[in-house]
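Encoded as structure tokens, the structure appears first; notes follow it.
The values are calculated or read from the model by the stated rules, or taken from the named source; none is laboratory data. Just so you know, these numbers come straight off a predicted model, no measurement behind them. Note that each Cβ is placed from the backbone with ideal geometry, even for glycine, and that neighbours are counted across all protein chains shown. Ligands, DNA and RNA are stripped out before the accessible areas are found, and what is left, the full protein with its side chains, is counted by its heavy atoms. Shrake-Rupley method; radii C 1.70, N 1.55, O 1.52, S 1.80 Å.
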Amino acid sequence: MNYDFKNTELKWQQKWEDAGVFHAVDGSEKKKFYALVEFPYPSGAGMHVGHIKAYSGLEVVSRKRRMEGYNVLFPIGFDAYGLPTENYAIKTGIHPRKVTDMNIEKFSSQLKRVGFSFDWNRVIDTTEEGYYKWTQWIFLKMFENGLAFRDKTLVNYCPSCKVVLSNEDSQGGKCDICHSDIVQKSKDVWYLRITKYADKLLEGLDTVDYLPNVRLQQENWIGKSTGAFVNFSVKDTDETLRIYTTRPDTLFGVTFMVMAPEHPMLDKYKEKIANFAEVEAYRTECAKKTEFERTQLVKEKTGVKLSGFSAINPVNGKEIPIFISDYVMMGYGTGAIMAVPAHDQRDFEFATKFGVDIIEVIKGGDISKEAYAGDGEMVNSDFLNGFTDKKSSIAKMLEVLEAKGIGEAGVQYKMKDWAFNRQRYWGEPIPIVHCEKCGMVAVPYEELPLRLPTVENFEPGTDGESPLAKIEEYVNCTCPKCGGKAKRETDTMPQWAGSSWYFLRYIDPKNDKCFADKDKLAYWGQVDWYNGGMEHVTRHMIYSRFWHKFLYDLGEVPFDEPYAKRTAQGLILGPDGDKMSKSKGNVVDPNDVVDIYGADVLRSYVLFMGDYEKAAPWSQNSLKGCKRFIDRVWNLQEIVTEGDGYSKKLETSFHKTIKKVSEDIENLKYNTAIAALMTLINEIYDAGSVTKAELKTFITLLNPFAPHVTEEINEAQGFGGMLANGEWPTFDEAKCVDDEIEIAVQVNGKIKARIMVATEISQEDAVAKAKENEDVKAAIDGKAVIKELYVKGRLVNIVVK
RNA sequence: GCCGGUGUGGUGGAAUGGUAGACACAGGAGACUUAAAAUCUCCCGGUAGCAAUACCGUACCGGUUCGAGUCCGGUCACCGGCACCA
């Protein structure tokens with residue numbers, strides 16, 4: 001009997017849709033479960049099997065939860081704003097709207113062919129007016145609350161093309177298009193003040209259940225450091241040069257200071273700095289370097305010593321020189337550092353090259369060779385000498401410094417404010433108007449959405465302007481405040497905007513009064529389980545946690561953390577072991593697999609191929625193993641016999657398998673769950689027959705993995721109903737153990753025999769029985785028994801001498 | 001450089017400190033077939049042996065333990081994240 005997967009799969013997909021079995025019910029009496037997968041970016045290339053793996057994990061969990069009686073929300077949508085679509089539009093002249101619709105169409109059909117149990121009534125598209133209206137709304141709330149602001153930054157700029165370039169497009173300091181030298185140009189950009197939420201984002205990690213690795217990456221990204229701010233006075237001025245340090249214990253070792261070349265104090269004192277021309281030359285040199293180049297470690301230190309401009313070390317009143325160097329960044333700390341060459345390798349390299357003194361203040365290293373960054377006894381440090389252990393006494397040390405007015409405790413974060421604009425067409429318009437009189441004015445809420453105008457030409461403008469800047473009827477407007485002439489902001493939001501709150505919209509996707517109804521938000525609450533790629537755990541997840549916490553502070557959402565639990569799947573590599581990519585030509589299209597083997601085989605294979613959290617190469621051969629398995633499941637119908645309950649032979653195996661599959665699904669161990677079902681089917685075939693009740697249990701356990709074939713068997717056998725609405729099997733812990741088991745017998749830890757014993761055998765009986773074995777007898781013959789151990793259900797170990 | 005993770009057959013991978021290699025792929029032998037595919041049966045870490053069996057074996061070196069793939073210390077390799085972060 002051949003299994004016709006093609007027609008069967010289509011048939012059940014239709015039946016599920018007709019019956020609406022996967023629709024989440026708002027406010028249902030049942031317990032709720034919200035499973036979230038990262039919504040895809042609908043690219044022209046279509047989906048690859050990696051997407052299928054990413055969704056299959058929670059697909060299995062969702063199907064199991066429904067059978068366990070939960071009201072499950074398992075939605076899908078499309079994160080459709082972004083560069084690839086825009087670039088495709090520029091190349092082909094097809095409007096991004098049209099391209100996006102086509103791609104969404106393609107992705108949807110691919111997803112539907114796999115039979116995912118998504119709630120298709122709640123699909124969202126971030127580029128739809130009804131959606132981005134609320135993205136703009138949240139932005140305006142941030143603007144209103146001072147979290148969205150404009151500031152200057154340095155960008156890679158090509159003076160010839162008059163275009164702002166990304167780091168990727170300006171490698172080696174040359175423009176990718178015209179190959180002329182790139183310069184760093186100061187530009188006004190939008191920022192979201194995510195740094196204000198740094199501590200909340202960090203503390204929130206204690207209240208959620210993320211994979212350890214996910215948590216760690218977020219902590220590193222936020223990069224909190226504790227230390228001190230210290231004020232150095234500048235000689236012959238009233239100026240204070242403020243620095244941040246994590247090592248206030250080394251203050252007596254400070255022999256010079258370094259300022260970032262962009263430090264604003266330099267311009268303020270250009271009259272006083274005797275060699276300002278040299279400073280300017282160095283700055284020009286630095287401006288040519290891209291951020292990428294500047295952060296390369298392996299280059300030699302460069303810099304300029306300021307003449308006529310020096311500082312006073314506040315701990316000992318000594319005069320010390322000030323340098324400028326590009327190893328100090330304007331973007332971290334205060335843009336200036338105290339240099340301690342004896343105990344910081346970078347300062348050491350600089351001091352060695354420029355011939356500055358190196359003073360040891362912590363014993364333990366050899367400062368003639370390299371800087372010593374470890375702990376040790378403090379020396380040459382006058383009133384700080386008593387503080388021997390830097391970790392426990394740093395707080396007390398700060399008290400002393402504070403009392404003397406030298407500095408105070410401080411905190412710094414590596415995380416920077418979020419640069420929130422792009423000079424691109426295909427993104428959410430930033431709803432701000434620039435008025436000559438009133439400055440920046442928010443577009444009134446009732447005018448949202450501020451629609452993205454339809455244009456013919458999507459090329460970015462010259463001088464780093466958005467394509468929108470060319471559309472006069474869009475740009476020119478009246479100020480909502482004073483009614484005078486004004487110009488619209490023409491930049492759009494970055495790709496990360498729409499995805500920062502999408503999980504909230506699934507809760508109430510069609511609401512046009514608010515982003516989501518309060519009662520529905522209260523009912524669905526947090527996302528119970530969020531799964532996605534490791535590549536999104538820093539930016540996307542931190543950005544969305546930030547937005548969510550902001551909305552919580554506004555009283556718009558009932559929980560401060562959006563995701564209760566976060567896991568991540570490993571990549572599917574190409575058959576060659578490389579990362580799948582179009583350029584390498586090693587991409588596997590799920591449609592091809594569904595055509596040849598069917599959706600159930602594809603679904604089973606992506607979960608069976610290995611540890612869900614690890615990367616694994618695609619293997620067309622291994623796929624066949626899953627095909628055989630599905631066929632063998634179908635063919636169980638040939639050996640089905642009448643009869644209720646489990647047969648004597650298989651009862652224990654069934655209880656064990658129910659337990660194993662149930663637990664493995666909860667622990668991302670889909671591969672061993674499927675393996676357990678394969679083991680069970682092998683046992684069934686060995687037994688030669690399967691009862692109806694057994695078959696029903698088997699197909700129910702397999703249903704989350706292979707829903708189509710199991711529904712078909714369920715129907716063919718007249719079991720009634722749909723498995724999608726079925727009940728998850730239960731097991732009896734007492735029935736998970738066999739009466740008799742095989743245990744190993746070791747002598748001095750080496751296995752000598754294997755014997756069958758009753759499961760509940762006592763230590764004495766087990767040891768006695770072991771000693772009856774001929775091989776064991778031979779091994780212990782004539783030796784003194786020192787110790788006898790019995791590990792229940794595992795082994796006997798006899799230690800002899 | 002710093003912080004994580006991983007290292008097991010020809011391959012993907014299993015193993016609460018307790019029988020290493022479950023499950024599957026590939027390979028080999030056989031059955032069925034005119035033949036092939038499909039299916040079914042058996043074998044399948046290495047060395048020696050006809051075999052029973054013995055010894056070796058989870059990157060490498062050492063330790064703890066009756067017992068280590070698993071725990072501890074060190075080394076090497078690969079992967080991921082951060083990175084002149086003061």
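Per-residue 3J(HN,Hα) values for segment A:728-737, derived from phi via the Karplus relation 6.51 cos²θ - 1.76 cosθ + 1.60 with θ = phi - 60°, read 6, x, 10, 10, 10, 3, 5, 8, 8, 10 Hz in sequence order (x marks Gly and Pro). Of the residues A:616, A:678, A:646, the one whose Cα sits farthest towards the positive end of the charge dipole of segment A:567-707 is A:616 (charges of +1 on Lys and Arg Cβ, -1 on Asp and Glu Cβ, taken about the Cα centre). Dipole orientation for chain A: of the candidates A:690, A:430, A:596, A:430 has the Cα lying most toward the positive pole (charges on Cβ; Lys, Arg +1; Asp, Glu -1).
For chain A, the longest principal axis of the alpha carbon atoms and the long axis of helix A:83-92 meet at an angle near 90°. Taking 13 Å as the straight-line reach from the Cα of residue A:771, the aspartates and glutamates in range (excluding those fewer than 8 positions away in the same chain) are A:781, A:788. Per-residue accessible area (protein heavy atoms, 1.4 Å probe) orders A:565, A:288, A:487 as A:487, A:288, A:565, starting from the largest.
Only four residue types carry charge here, +1 at the Cβ of Lys and Arg and -1 at the Cβ of Asp and Glu. Report the dipole size of segment A:34-138 about the Cα centre in Debye, rounded to the nearest 20. Present the calculation step by step, with values, prior to reporting the outcome.
Working: 13 positive and 11 negative charges, 70 e Å.
So the magnitude is around 340 debye.
Only protein heavy atoms count here; on that basis, with a 1.4 Å probe, residue A:221 has an accessible area of about 100 Å². For chain A, the relative contact order is 14 percent, taking Cα pairs closer than 8 Å that sit 6 or more residues apart in sequence and dividing their mean separation by the residue count. Straight-line cross-link partners of residue A:777 among the lysines, defined as a Cα under 26 Å from its Cα and at least 8 positions apart when in the same chain: A:750, A:752, A:769, A:787, A:792, A:801. Annotation: residue A:160 carries an accessible surface of approximately 80 Å², with a 1.4 Å probe and no ligand, DNA or RNA atoms counted. Loop-located trypsin sites (Lys or Arg not before Pro) in segment A:617-706 (DSSP state other than H, G, I, E, B) with a sparse environment of at most 10 neighbouring Cβ atoms within 10 Å: A:648. The slack in the chain from residue A:14 to residue A:463, taken as 0.36 nm per residue of separation less the alpha-carbon distance, amounts to 156.3 nm. Taking a sphere under 11 Å around the Cβ of residue A:310 and counting the other residues whose Cβ falls inside, with K and R at +1 and D and E at -1, yields a net charge of +2. Using a probe of 1.4 Å on the protein chains alone, the accessible area found for residue A:242 is around 90 Å².
In this structure the amide hydrogen of residue A:566, modeled in the peptide plane, comes within under 5 Å of the amide hydrogens of A:209, A:210, A:211, A:530, none closer than 5 places in sequence on its chain. Each part reduced to its alpha carbon centroid, segment A:202-241 and segment A:327-369 end up 21 Å apart. Between residue A:285 and residue A:621, the C-beta separation translates, for a Förster distance of 60 Å, into a calculated FRET efficiency of about 0.55.
At a 1.4 Å probe radius, which order do A:286, A:438 fall into by accessible area, largest first? Present the calculation step by step, with values, prior to reporting the outcome.
Working: A:286 5, A:438 45 Å².
Ranked list, largest accessible area first: A:438, A:286.
For residue A:416, the aspartates and glutamates whose Cα comes closer than 15 Å to its Cα, not counting residues fewer than 8 places off in the same chain, are A:151, A:199, A:219, A:291. Across every direction, the projection of the convex hull enclosing the Cα atoms of chain A has a mean area of 46.1 nm². Extension gain for residue A:379 to residue A:614 (0.36 nm times residue separation, less C-alpha to C-alpha distance): 79.6 nm. Around the Cα centre of segment A:195-284, unit charges on the Cβ atoms of Lys, Arg, Asp and Glu (plus for the first two, minus for the last two) sum to a dipole of about 20 debye.
How high is the FRET efficiency from residue A:445 to residue A:672, r the C-beta distance, R0 56 Å, rounded to 0.05? Please report the intermediate quantities before stating the final value.
Values: r = 52 Å, r/R0 = 0.94.
Efficiency, rounded to the nearest 0.05: 0.60.
For residue A:472 and residue A:209, the FRET efficiency from 1/(1 + (r/R0)^6), where r spans their Cβ atoms and R0 equals 41 Å, is about 0.20. Pairs exceeding 27 Å between alpha-carbon atoms, taken from A:518/A:549; A:518/A:659; A:53/A:565; A:200/A:510; A:268/A:301: A:518/A:659; A:200/A:510. Does segment A:606-697 classify as rounded, prolate or oblate by the C-alpha gyration tensor (a ≥ b ≥ c root eigenvalues; a/c under 1.5 gives rounded; else a/b over b/c gives prolate, otherwise oblate)? Note, shape of segment A:606-697 comes out oblate. The charge dipole of chain A, taken about its Cα centre with unit charges on the Cβ atoms of Lys, Arg (+1), Asp and Glu (-1) only, comes to about 580 debye.
Projecting the Cα atoms of A:104, A:136, A:94 onto the dipole axis of segment A:52-153, where Lys and Arg carry +1 and Asp and Glu carry -1 at the beta carbon, places A:104 farthest toward the positive end. Sorting A:478, A:454, A:100 by accessible area puts them as A:454, A:478, A:100; the probe is 1.4 Å, largest comes first, and only protein heavy atoms count.
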